[in-house]
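Below is one structure, written out as structure tokens; comments come after it.
The values are calculated or read from the model by the stated rules, or taken from the named source; none is laboratory data. All values reported here derive from a predicted model rather than from experimental measurement. Neighbour counts run over all protein chains shown; Cβ positions are idealised from the backbone, glycine included.
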Amino acid sequence: MTARAQRFTDRRVVVTGAAGGVGQVVAGLFREEGARVVATDVVPADGVVACDLADDAARDAFVADTLAELGGLDVLCNVAGIQQFAEVGTLTAAGLRRHFDVNALAPLLLAQGFSAALVESGGNVVSVASISAVMGQPYNTQYCSSKAALLLGMRSLAVELGTKGVRVNCVSPGGIETPMIEAAAAGLPADVDWNLIAKSQSVIPGFMPPVDVAEALMYLASDAARSVTGANLVVDRGVVW
């Protein structure tokens, strides 16, 4: 195996959603490239700090503990997210709130909590948004709306923090081969209209491996992207219809 470039030697990095999928992969890549990584997830796992980032007190404690451990921060990598399909008749306030709490509020408030440390280090924030943030998808109201909030929230922070030397970017994936998409499908109605689903299929067939998205996050977090902020890097195998 070819050794990876050491782009993040001694950089201090936080990765959320790190117990599996894209988060687990990108946390591993940061470590391979020399970073000191604090990984977190609501799901317990080896080398992962268990934390429900949608809980205000737990999130604030995580920020404080992480800064005490690392002595600052260079990269905040927001990967944690949830998705559950639901047709309009089954939408609930609780379901919508949970999607917004996890997919939008948690990463935005983490950025706030770490902002002083990122300003001090000249660091950056990279977040996993979604192509669902910019296109209507059937049975996906909860996810689409929460990811749209994340994307525009991060772009707003890019404007505000850019004057302080902090870059803020997003990666918007299409379908990824992870347990989350399999679990999300459980919410599809029995009479699902597959013609509507097909309208968001990619021209390159199939779901992507998580590493394809992880590599995009690594690029945006690296010095190679030093002039990139407020960007939304789409990695979706060509959803162009």
In this structure, is residue 43 β-branched (Val, Ile, Thr) and under 23 Å from residue 170 (Cα atoms)?
no
Just give me the residues in region 133-164 being outside any helix (DSSP H, G or I), buried (at least 17 other Cβ atoms within 10 Å of the Cβ) and either hydroxyl-bearing (Ser, Thr, Tyr) or free of Cβ contacts under 8 Å to residues at least 40 places away in the same chain (or both), in sequence order.
139
For residue 97, state whether it is over 28 Å from residue 229 (Cβ atoms) and part of a helix (DSSP H, G or I).
yes
Residue match in region 47-70 (condition: closer than 16 Å to residue 170 by Cα, outside any strand (DSSP E or B) and touching a Gly at 6+ places or on another chain (Cβ under 6 Å))
no
List the residue pairs whose Cβ atoms are under 6 Å apart, where the first residue sits in region 8-25 and is without any contact (Cβ under 8 Å) to a residue 60 or more places away in the chain and within 14 Å of residue 211 (Cβ to Cβ), the second is hydrophobic (A, V, I, L, M, F, W, C) and crowded, with 22+ Cβ neighbours inside 10 Å, and the two are 6 or more positions apart or on different chains.
23/15; 23/79
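Would you check if there is a residue in region 214-222 being at pLDDT 95 or above and in a loop (DSSP other than H, G, I, E, B)?
Yes, region 214-222 contains a residue that is at pLDDT 95 or above and in a loop (DSSP other than H, G, I, E, B).
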If residue 82 satisfies every condition in (1) under 19 Å from the mean Cα position of the chain (by Cα); (2) within 26 Å of residue 120 (Cβ to Cβ); (3) touching a residue at least 40 places away in the same chain (Cβ under 8 Å) but one, which is the exception?
(2)
